[in-house]
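One structure below.
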Amino acid sequence: MIGTGVFTSLGFQLIDIQSGFALLMLWVVGGVTALCGALTYAELGSALPRSGGEYNFLTHCYHPVAGFVSGWISSTVGFAAPVALAAITFGAYLTSIYDWLDTNMLAVGLIVALTVVHAGTRKNSAGLQWLFTLLKLLLIGIFCIAAFFLVEQPQTISFLPQSADRESILSGAFAVSLIYVSYAYNGWNAATYLSSELDSPQTNLPKILFIGTGLVLLSYVLLNFIFLYTTPIEQMVGKVEVGYIVALSVFGETAAAFVGVTMSLLLVSTVSAMTLAGPRVLQVIGEDFAIFKWLAKVNQSNIPSRAIYFQSGLAIIFVVTSTFESILVFSGFALALNNFFAVLGIFILRYRQPDLPRPYKTWLYPLPPVLFLLLIGWTLFYLLMQRPIEAGLSLIVIALGVVFYFVSNHFSHRQGPV
């Protein structure tokens, strides 16, 4: 989860919101939303323990067309776009230090390198992910502690609630900013894409989702507190490389260069995680639809290498054809809508299959899914009103998925269980 969003989105949030309390509440609300989603997905994942994430859930809860469209979103937007954004940010951090480098070339090079690793053997893939995840958490902790104690002049911004904060939190700007935050939490559901490859998924999946999301919530609130506490707001407004700007403000140019390189390396983990998880959705679609069976082909290590190559190719197209913010809003809307219907599916599954074995049941049900649906629904509504172009493009992609489902069904037959 920890990657592009938390190191970039504050700059966009500051354009409309400059209250310390409201800005931190964005990350708390986003974290609570992700936790509610994780608790719900834990039940869905334990009851339906097959790789594929939302594709698997929506197929069972609604209809194969819903699952197909969900997989269509995941394969065309859901993973390729985050891979592209993280890779672009990786390049942006390095080029902010070494201006002779090219952002897009660095982004494409990173995607290609990680594609080769993850399309190889399972041992190399898992080992790389563990290494960069542990390194990421360690470096974030060191950065926050060092910035807090070394800043010469803390900012005067208040993190206590003010009289105007209520209006700010209930505003459309807050709701739209939540899409940036939701994107930053994107990945809380990634374990469900590999559930059939986990040991004892019914037992371990809920732990993975809950503990992982909780740790990220704490990390995000701490990081944004440090950003706002140490660095003047005007230096960060509208900027992508927020982490580097903060390091430059606190540590000076030489140390900031080191921090910028370090933060760019943290993004390797994000690209790696999405390159690892996303192709499993394509693999399951290939197992179920004859027209896509080539995506289900695995190599000698049982890794869906063709699906990995396909997703990485899409990510490279995003890198060379789109801007950072347009990719973020466009993909954020589609992903949030995908998550919305997956969480809604828990009510449908309980109604239609009340006797289905559920090794884990959502804690405090129905509160977590209801809260998730209200918050995400509110965000989607305001995003549709205030960013209609990006939201409209997302809806067009979804509509194309429906069309493609019926076209593919016309020319091919379904394979395997649905």
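Side notes on the structure shown:
- Given +1 at the Cβ of Lys and Arg, -1 at the Cβ of Asp and Glu and no other charges, the dipole of the range 275-407 around its Cα centre is 320 debye to the nearest 20.
- GNM result for the chain, Cα springs below 10 Å: residue of Leu218, Leu26, Leu356 fluctuating most strongly: Leu356
- Leading residue at positive end of dipole, the range 295-418 (Cβ point charges), from Asn299, Leu356, Pro369: Leu356
- As a calculated quantity, the FRET efficiency between Trp363 and Leu215 at R0 = 30 Å, using C-beta atoms, amounts to about 0.95.
- Within straight-line reach of Lys239, meaning a Cα separation under 24 Å, sit the following lysines at least 8 residues removed in sequence or on another chain: Lys136.
- Note on Trp378 and Val28: the model spin-label points, each 7 Å out from Cα along the C-beta direction, lie 1.3 nm apart.
- Candidates Gly37, Gly401, Gly252, ranked by Gaussian network fluctuation over the chain, Cα under 10 Å, top entry: Gly252
- Membrane-span-like helices in the chain (whole DSSP H runs, Cα extent of at least 27 Å along the helix axis, mean Kyte-Doolittle hydropathy of at least 0.0): 20-47, 122-150, 201-230, 253-288, 324-352, 367-386, 388-411.
- Under 18 Å of direct C-alpha separation, and excluding same-chain neighbours fewer than eight residues apart, Lys207 reaches these lysines: Lys361.
- Within straight-line cross-link reach of Lys297, aspartates and glutamates at Cα separation under 20 Å, skipping those fewer than 8 residues along the same chain: Glu197, Glu287, Asp288
- Ordered by the number of other Cβ atoms lying within 10 Å of each residue's own Cβ, fewest first, Glu253, Glu325, Glu241 fall into the sequence Glu253, Glu325, Glu241.
- Dipole magnitude for the chain: computed about the Cα centre from +1 point charges on Lys and Arg Cβ and -1 point charges on Asp and Glu Cβ, it is near 1280 debye.
Laboratory data are not the source of any read-out in this text; all were calculated from the coordinates shown. Note that the structure is a prediction, hence the values are computed from the model and not measured. Positions of Cβ are generated from backbone atoms using ideal geometry, with glycine treated the same way; all protein chains shown enter the neighbour counts.
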